[in-house]
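What follows is one structure encoded as structure tokens, with my remarks underneath.
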Amino acid sequence: MGSAADLRRLEELTSSVLLDAGYVHSPATDLKVRRLLHRLHLEAHDAEIWLGVLRQIAWKLKQK
């Protein structure tokens, strides 16, 4: 992945979107999401795409 900062932003946004969507939120869930994202070994460009996708989902969830 591009950088640790990119990965952290992706972790935070994923957690936020899951919370807004009503997904069960817990420290264990955060850890599972973090581990999953690390295993993906995303390139910086791919991480930016996923950030855009998640931002769009977050925006749409807030419209309801």
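No value in this document is a laboratory result; all are computed from the given coordinates. Because the structure is a prediction, the values reported are computed rather than measured. In this analysis, Cβ positions are derived from the backbone assuming ideal geometry, glycine residues included, and neighbour counts consider all displayed protein chains.
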Residue pairs, Cβ under 7 Å, 6 or more apart or interchain, first in region 36-64 and within 17 Å of Ser15 (Cβ to Cβ), second among the small types (Gly, Ala, Ser) and not in a helix (DSSP H, G or I). List them.
Ala47/Gly2; Leu61/Ala21
(1) part of a helix (DSSP H, G or I); (2) loosely packed, with under 11 Cβ neighbours inside 10 Å all hold for Leu51 apart from (2)
Is it the case that Ala28 is in contact with an Asp or Glu (Cβ under 8 Å, 6 or more places away or on another chain) and in a helix (DSSP H, G or I)?
no
